[in-house]
Amino acid sequence: PNPLSALEDKIKGAKLTITVGSNGKVSDLKGYDEFMAKLVGEDEMAGAMIKASMSKETLMRGAEEAFATIPGKSVSKGDKWKTETSVPLGPLGKFKSTGDYTFEGTTDEGVKIVGKNSLTYSPPGAGDAAGPFKVTKGDLKAENATSEIIFDAKKGRVVRSTNSMKMKGSITMDAMGNEITMEMEQETNTKTRILDKLPE
């Protein structure tokens, strides 16, 4: 049995509504509690773990990524700009992401933007522990973090995007008084499409 299929069945029909300002920042997210109720059911222990790693703030910042690459000013082919965003990792801490973006021109789908990102890791703050463990320190580095975005200027939104990143390093956590250090290596490739209506 595929555990992801079971998860998808749980959240089928859930709806999250985000409010985005003209600056591309997400100011509100509605439907979080109903979404979590579908996801965790009556399992309080699992619910606490999931909510710690998938908090409302995490979902808001994740949604913001769809708009964070937009320059907020008029640009021409070849123009470059920078952005700064926070990438939450739940109980593992967060990354501060600095992006360098370039307007490469117009395609049949829309405006093409390419980006390179540098990320700086910070461990979680006090009170951010999830369940029986807490990350006390970490040294995580991201490599080859790149993105490609197609933006529809008429609709004022992203049509699709691809992102890739390699992350490696170590984190040390306190698990019920025992210190454990783990080596981590993760490669992430994400493809996103934003549609006018649900696909059939």
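When the range 1-49 is limited to residues that are more than 30 Å from P71 (Cα to Cα) and buried (at least 16 other Cβ atoms within 10 Å of the Cβ), the one that is modelled with the lowest pLDDT turns out to be M49.
Does E57 satisfy the condition of being at pLDDT 80 or above and open to solvent by 40 Å² or more (accessible area, probe 1.4 Å)? So E57 fits the description; yes.
The rows are residues; the columns are (1) out of contact with any Pro (no Cβ under 7 Å at 6 or more places or on another chain); (2) at pLDDT below 85; (3) open to solvent by 50 Å² or more (accessible area, probe 1.4 Å); (4) assigned to a strand (DSSP E or B).
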{"residue": "P91", "(1), (2), (3), (4)": "no, yes, no, no"}
{"residue": "G105", "(1), (2), (3), (4)": "yes, no, no, yes"}
{"residue": "D108", "(1), (2), (3), (4)": "yes, no, yes, no"}
{"residue": "G115", "(1), (2), (3), (4)": "yes, no, no, yes"}
{"residue": "T120", "(1), (2), (3), (4)": "yes, no, yes, yes"}
{"residue": "V135", "(1), (2), (3), (4)": "no, yes, no, yes"}
{"residue": "T162", "(1), (2), (3), (4)": "yes, no, no, yes"}
{"residue": "M182", "(1), (2), (3), (4)": "yes, no, yes, yes"}
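Inside the range 75-89, can you point out the residues that are over 20 Å from V26 (Cβ atoms) and loosely packed, with under 11 Cβ neighbours inside 10 Å? Within the range 75-89, S76, G78 qualify.
Annotation note: of S76, S86, the sole residue that is touching a residue at least 12 places away in the same chain (Cβ under 8 Å), of a type in the set (S, T, Y) and not in a loop (DSSP other than H, G, I, E, B) is S86. For the range 92-107, a residue qualifies if it is of a type in the set (V, I, T) and over 25 Å from V159 (Cα atoms), but none of them does.
The values are calculated or read from the model by the stated rules, or taken from the named source; none is laboratory data. Source: prediction; values computed, not measured. Every residue, glycine as well, gets a Cβ built from its backbone with ideal geometry; the counts of neighbours run over all protein chains shown. Remember, those area values only see protein heavy atoms, side chains included, never the ligands or the DNA or RNA. Shrake-Rupley method; radii C 1.70, N 1.55, O 1.52, S 1.80 Å.
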